[in-house]
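Q: Here you go, one structure.
The values are calculated or read from the model by the stated rules, or taken from the named source; none is laboratory data. Just so it is clear, the structure is predicted and the values come from calculations on it, not from any experiment. All Cβ positions, even for glycine, are placed from backbone atoms using ideal geometry, and neighbour counts span all protein chains on display. Each accessible area value is taken on the protein alone, full model and side chains, heavy atoms only, with ligands, DNA and RNA left out. Shrake-Rupley method; radii C 1.70, N 1.55, O 1.52, S 1.80 Å.
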Amino acid sequence: LGAAVGTNIKKGNISLGSDGHPDSQMIKNAVLSGLMSTGLHVIDLGKVTLPVHRYGIRTFGLQGGVHISRMEDNKINLRLINHYGADYSRAEQRKIEGLLNREEYRFAAGEDILSPEYRPGIGRSYLNYLLQFLDRDLTRRNRMRLVVDYDSHQLGSLLPGFFDELGCEVYTVTNHQHYPQNISKLKEMAVPLGEVVEDQGAHFGAVLDSAGEMLVLVDDRGKLVDEEKYLALFSLITARTNPGAILVLPVTAPQAVIEMVRAEGAEVRIAKTAPWALMAEFMKDDVMASQRHFPQFLFYNDALASMALLAQYLAKEGRPLSMILSELPGFAVAKKEVGVMWEEKGKVLRHLAEATADQKVETAEGLKIQHPQGWALVLPDADEPVCRVYSEAFNQEIAESLTDMYVEKIKEISSSER
């Protein structure tokens, strides 16, 4: 894999980083050998979180990077990152897969092999970068109080010092051995946090994954903030922090959130749901130029930046998070996933398109079908043999029924003969 990535990049500098676990380090050493064999100059960032690694690629002007981390079920995750600090797109991934399948590697001559360069300690530079966007005096004056459950082995060198500089009081809860990169499991871990948030009189609580990417929020009343409310909250903050900005929202965003953002004077740009697709839109010149105060690319999949932005916003508003959440527009959404074999996904979309030919249909990603009472989106997953169905409607019952209807349609099409 290292040789394939190196062959694809041609020349220049590339970074390597990992979560520091011995098994991740073993894989990292193998990838290092492959990258070196192609004549690339490898910058070893050492033990870093993924957001810090992305920052390092942009800061050092590298051609990309490979991030290696441990996952559940004894698996290792290798993330390929491009020169923007964003995940490889599907097109970029396919190039690597093609090189691997054909075993077409560019091996450098012995005298052209370059020694790797070790550059640890970029975490401090990353925190200083985040602090440029924040008003430390504001958060200090308001004595923001947070309850946080996080992986101290991975984030201990970043989180406490960062929020100390912001003048935030952090009450740490660490009840877990592993913090999964799975939003559903993080939500389960966040349930008992609500009581602690209330007992401590905190402004909010958060559970973070080990990579420092994902977080689940708990408001000041101890209630979990679901993904749609989270999206609405940070969209509102971005729009108000950057007047007249262009905001990028995924195709799954509720219409009520889109209308809220437009009412704040922002332009909305709809993007595909894949992380690489969203990041690519965030980093477009016109989007970044319109979001100078706290850009979306900075806090998307960056738990520390998101928490800091929220703490600052709450300090500025002087109102509890629960009140701000209650003022967000109401919407009824439902989502489910259904197993669909890889070879069946095309057939599912084709049959659904034929069956809904007389309805308004959008095909920017998957199949979004408009109904008088709302919409439904059928979205094949790029990495798993499943299709996800999202719906929004006037009320929860209709949203659930729309989702269930399309789940049943997908099952019927999948089980039918070709």
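Q: Using a 1.4 angstrom probe, figure out how much accessible area the chain has per residue, in square angstrom, rounded to the nearest whole.
A: On the way: 19140 Å² over 418 residues.
Using a 1.4 Å probe on heavy atoms only, each residue of the chain averages 46 Å².
Q: Expressed as a whole percentage, what fraction of the accessible surface of region 168-255 belongs to carbon and sulfur atoms when a 1.4 Å probe is rolled over the protein heavy atoms? Each step should come with its number before you reach the end.
A: Working: 1600 of 3500 Å².
Heavy-atom surface of region 168-255 belonging to carbon and sulfur, 1.4 Å probe: 46 percent.
Q: Find the percent of Cα-Cα distances in region 165-281 that exceed 24 Å, and round it to a whole number.
A: Working: 2546 of 6786 pairs.
It works out to 38 percent of all Cα pairs.
Q: Between D404 and A382, what's the calculated FRET efficiency when r is the beta-carbon distance and R0 is 22 Å? Round to 0.05.
A: On the way: r = 24 Å, r/R0 = 1.09.
Between D404 and A382 the formula returns 0.35.
Q: Shifting gears a bit: Please identify every one of the chymotrypsin sites (Phe, Trp or Tyr not before Pro) in region 135-203 that sits in a loop by DSSP and has no more than 14 other beta carbons within 10 Å of its own beta carbon.
A: Working: sites: Y150, F162, F163, Y171; in loops: Y150.
For chymotrypsin sites (Phe, Trp or Tyr not before Pro) across region 135-203 that sit outside H, G, I, E and B with at most 14 neighbouring Cβ atoms in 10 Å, the list is empty.
Q: Follow-up question, since we're still on this one. Would you calculate the separation in nanometres between label points at Q200 and D137, each defined as 7 Å from the Cα along the Cα-to-beta-carbon direction?
A: Placing both labels 7 Å along Cα→Cβ, they lie 2.8 nm apart.
Q: Over the residues of region 325-418, compute the C-alpha Rg and express it relative to 2.2 N^0.38 Å. Intermediate results must be reported in sequence, preceding the final value.
A: On the way: Rg = 13.6 Å, N = 94, 2.2 N^0.38 = 12.4 Å.
Taking N as the residue count of region 325-418, the ratio is 1.10.
Q: Let me ask something else. Among all the lysines, which ones have a C-alpha under 24 Å from K335's C-alpha, if same-chain residues fewer than 8 places away are not counted?
A: In chain and number order, the partners are K185, K187, K223, K229, K272, K345, K347, K360, K368, K409, K411.
Q: Calculate, axis by axis, the spread of Cα positions in region 367-418 along the three principal axes, and write the results as whole Å, longest axis first.
A: The principal-axis extents, from largest down, are 34, 24, 16 Å.
Q: Taking 7 Å along the Cα-to-C-beta vector as the label spot, tell me the E412-A109 distance in nanometres, rounded to one decimal.
A: So the two model labels end up 6.8 nm from each other.
Q: Then there's this: Give the dimensionless ratio obtained when the Cα radius of gyration of region 59-209 is divided by 2.2 N^0.38 Å. Mind showing how you got there, number by number?
A: On the way: Rg = 20.4 Å, N = 151, 2.2 N^0.38 = 14.8 Å.
Normalised by 2.2 N^0.38 Å, the Cα Rg of region 59-209 equals 1.38.
Q: On alpha carbon coordinates alone, what is the Rg over Rh value for region 1-40, Rh being the Kirkwood radius? Intermediate results must be reported in sequence, preceding the final value.
A: Details: Rg = 10.2 Å, Rh = 10.2 Å.
Taking Rg over the Kirkwood Rh, I get 1.00.
Q: In whole angstrom, note down how far apart the Cα centers of region 10-54 and region 93-114 are.
A: Here the answer is 16 Å between Cα centres.
Q: Work the Kirkwood hydrodynamic radius out for region 254-374: mean of 1/r over every pair of different alpha-carbon atoms, inverted, in Å.
A: Its Kirkwood hydrodynamic radius stands at 17.9 Å.
Q: Based on C-alpha coordinates, I'd like the Rg and Dmax of region 24-134, in Å.
A: Here Rg and the maximum Cα pair distance are 15.1, 49 Å.
Q: Compute the FRET efficiency between Q25 and Q396 as 1/(1 + (r/R0)^6), taking r as their Cβ-Cβ distance and R0 = 60 Å, and round to the nearest 0.05. Write out the running numbers ahead of the final one.
A: Numbers: r = 48 Å, r/R0 = 0.79.
After rounding, the FRET efficiency stands at 0.80.
Q: Something else now. Compute the Kirkwood hydrodynamic radius of region 304-358, taking the inverse of the mean of 1/r over all pairs of distinct Cα atoms, and give it in Å to one decimal.
A: Computed over Cα pairs of region 304-358, the Kirkwood hydrodynamic radius comes out at 15.9 Å.
Q: Also, I was wondering about something else. At what distance in nm do the modelled label points of A353 and T172 sit from each other, each positioned 7 Å from its Cα along Cα→Cβ?
A: Inter-label distance under the simple model: 5.3 nm.
Q: Right, here's the next one. Roll a 1.4 angstrom probe over the protein heavy atoms and tell me the percent of accessible area of region 1-93 that is carbon or sulfur.
A: Working: 1800 of 3470 Å².
Answer for region 1-93 is 52 percent, counting heavy atoms of protein chains only.
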